[in-house]
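The next block holds one structure in the form of structure tokens; read it before the comments.
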Amino acid sequence: MQNYCSNKMKDFFKYVGATVVGLIAFTIIVGLIGIMSIVGMIASGEATKTVSDNSVLVLNLSGQMQERTEDNIFGQLTGGALEGLGLEQTLAAIQKAKDNERIKGIYIEAGALGASYAQLQELRDALQDFRRSGKWIVAYGDIYSQGAYYLASAANKIYLNPQGMIDWHGIGAQPVFLKDVMAKFGVRMQVLKVGKYKSATETFTDDKMSDPNRAQTQAYINGLWQNVLKAVSDSRKISVGQLNQYADQMVTFGDPKDFVKAKFVDALLYADQVKAEVKKMLKLKEDESINQLNITDMGNVKEKSGKGEAIAVYYAYGDIVDSPVTGGLLGGDHQIVATEVVKDLERLMDDEDVKAVVIRVNSGGGSAYASEQIWHQIEMLKQKKPVVISMGGMAASGGYYMSCNSNWIVAEPTTLTGSIGIFGMFPDMSQLLTQKLGVKFDEVKTNRNATFGTTARPMNEEEMSYLRAYIDRGYSLFRKRVADGRRMTTDQVEALAQGHVYLGQDALKIKLVDQLGGLDAAITKAAQIAKLKEYYTISYPEQKDFLAQFMEASNRGNNLDEQMRNAFGIYYEPFCLLKQMNQLNPIQARIPFFINVK
């Protein structure tokens, strides 16, 4: 009887356990089906977006501009769709709006827009092209940042809130120097570099800009400002001299009525009054609504199927690294990871449907080794199909290294490029360990340099000499890559190198780039080289799928690095870099980590 009861109890728990497991599995399956159904409904609903007649494209230009943004499934569930503000999506929206006869104009909601001047210039060119099609643009803002106003100056009409403000102050660079701060903690940098203009290391070794760095920085911020002045002067019919005078007088804090007198804006209006002006342009009655579309909506407007051959547009932006760097300054999605890029380019090389490749580069450089690996893969790719580089805000040092052997290079006038040079930066924390923390070291060794790289002491002269020879070889290789790619002699390259940073408009004069223009110009050139009469573009790398976004969102949590960045601003980043030094290749081909141009 006892055994019978025991067996019955075992059976009972077995069946209960099986039921519980079944219920859990059923719940998971139903949950997944529910999520996939929602995602499917979003996809099917958004993919069939239609444009009503008499519509307006609304560009909300606030926040930090990225090269491209990810489709955000979770954002769509809560009413949004894109993660941030993307140049790729914004340009595409403007182009679609231009080609769609039902869209009559663009309404710009200006604000605190953060973007490189090359990105702004490309957007501004697209807006001007939109206007040339016979359509109109209206801009309105409570507060215009200087970059936002430069962009908005392409509009037919510019309006400002009666209590609003336009930031107009000129362009300045203010590098941060940490040598003395690091010394308080017993840390210093041992640096070896090639190129008198190679200034990336100055942040950690000096307390002010070197004369060559000051000269090159002054040259490129002058060039940036002259481009802004000319564009605003041409559009608003204000002389360059007056614009400079207004900047010197800090017109930013003046009476808003002065902006009308100075022709910065056409009128001071509140938001509802601007809406009434837009209705007049659309010939709508007061009680009629304005049909509006945003950037996400335009992304979901059905286009005519692409005809002809495919041109791949591959986006490579961020710091160039050997392998992914996690956390802090260089962590996140915006990295050019050599191992991943090489595989992607190899796939494009083997894809017979892709007839040409445009690589969109926006990078201040990074690992010299990683840059060489990407250079090699581009060389292989070029043997099978044309490769054209489209330079964004920066394509300097390592960014130029990976670009120099393409068939053709297109840069914006305000792109920062060149900076042909490399450096090695090695933290010496021996004083922190031995003097500040009281750590003691001893050693035994079999050979003279067996303890090379130790944290117990700084590197000696013999060790530095080996590294110096290694870096010199790296610089010679970089210089040869440029000479071969640009069909120059090494002496000609040397005269332009030494880490010198140039604006795109100046790089054209010295043959470091072939053409001035944006991504569209690069795509057109790629089609010409490939002899394509009809073509369409496909963007790479492909967007992350639902599962990848889900895992990323679950891992994001409370991002301490992001909170500290928001709290300390630019002062956080140099210290964060020190934390990440052990993840970076010590031999770098890059411009300064923090240019701090504003």
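Among K179/K436; K49/K355; K384/K531, which pairs are too far apart, with a Cα-Cα distance over 19 Å? Don't skip to the end; give the middle numbers.
Working: K179/K436 17 Å; K49/K355 31 Å; K384/K531 14 Å.
Long pairs (Cα-Cα over 19 Å): K49/K355.
With a probe of 1.4 Å, find how much accessible area the stretch 280-432 has per residue, and write the answer as a whole number in Å².
Values: 5830 Å² over 153 residues.
I get 38 Å² per residue for this part.
What nm value, rounded to one decimal, do you get for the distance between N460 and H169 when each label is placed 7 Å out toward the C-beta?
5.2 nm
So how exposed is V181, as accessible area in Å² (1.4 Å probe, rounded to 10)?
50 Å²
May I ask you to derive the FRET efficiency for N447 and D322 from their Cβ-Cβ distance with R0 = 22 Å, giving the value to the nearest 0.05? Don't skip to the answer; put the middle values down first.
Working: r = 28 Å, r/R0 = 1.26.
Rounded to the nearest 0.05, the efficiency is 0.20.
Could you calculate the contour length gain from D351 to A495, that is, 0.36 nm times the residue separation minus the distance between their Cα atoms, to one decimal place in nm?
On the way: separation 144, 0.36 × 144 = 51.84 nm, distance 3.95 nm.
Gain on stretching D351 to A495: 47.9 nm.
If you take the beta carbon distance between L477 and S133 as r and set R0 to 30 Å, what does 1/(1 + (r/R0)^6) give as a FRET efficiency, to the nearest 0.05? Can you show the working numbers first?
Values: r = 48 Å, r/R0 = 1.59.
Efficiency, from the Cβ-Cβ distance: 0.05.
Using the heavy atoms of the protein chains and a 1.4 angstrom probe, tell me the accessible area per residue for the stretch 165-239 in square angstrom.
Details: 3330 Å² over 75 residues.
Result: 44 Å² per residue.
Solvent-accessible area per residue for the stretch 433-533 at a 1.4 Å probe radius, Å²? Spell out each step's value before the answer.
On the way: 6120 Å² over 101 residues.
Accessible area per residue, the stretch 433-533: 61 Å².
If you rank R473, R479 by how much accessible surface each has, with a 1.4 Å probe, what is the order from largest down?
Order by accessible area, largest first: R473, R479.
Given a cut-off of 32 Å, name the pairs among K237/K279; K184/K598; K343/K525; K208/K445 whose C-alpha atoms lie farther apart than that in the structure shown. Display every interim value, and only then the final one.
Details: K237/K279 27 Å; K184/K598 29 Å; K343/K525 25 Å; K208/K445 41 Å.
With Cα atoms farther than 32 Å apart: K208/K445.
Using a 1.4 Å probe on the protein heavy atoms, what percent of the accessible area of the stretch 420-547 belongs to carbon and sulfur?
Working: 3950 of 7500 Å².
Here carbon and sulfur together make up 53 percent of the probe-accessible area.
How much of the accessible area of the stretch 352-400, in percent, comes from carbon and sulfur atoms when a 1.4 Å probe is used? Provide the component values of the computation, followed by the final result.
Details: 620 of 1320 Å².
Here carbon and sulfur together make up 47 percent of the probe-accessible area.
Percent of accessible area on the stretch 141-209 owned by carbon and sulfur, 1.4 Å probe?
Numbers: 1280 of 2590 Å².
Whole-percent figure for carbon plus sulfur exposure: 50.
Would you mind checking the pairs K275/K533; K135/K230; K307/K385; K230/K302; K135/K533; K480/K509 and listing those with alpha carbons more than 31 angstrom apart? Write out the running numbers ahead of the final one.
Details: K275/K533 43 Å; K135/K230 23 Å; K307/K385 19 Å; K230/K302 38 Å; K135/K533 28 Å; K480/K509 20 Å.
Beyond 31 Å between Cα atoms: K275/K533; K230/K302.
The values are calculated or read from the model by the stated rules, or taken from the named source; none is laboratory data. Fair warning: this is a prediction, and the values are worked out from it, not measured in the lab. In this analysis, Cβ positions are derived from the backbone assuming ideal geometry, glycine residues included, and neighbour counts consider all displayed protein chains. Remember, those area values only see protein heavy atoms, side chains included, never the ligands or the DNA or RNA. Shrake-Rupley method; radii C 1.70, N 1.55, O 1.52, S 1.80 Å.
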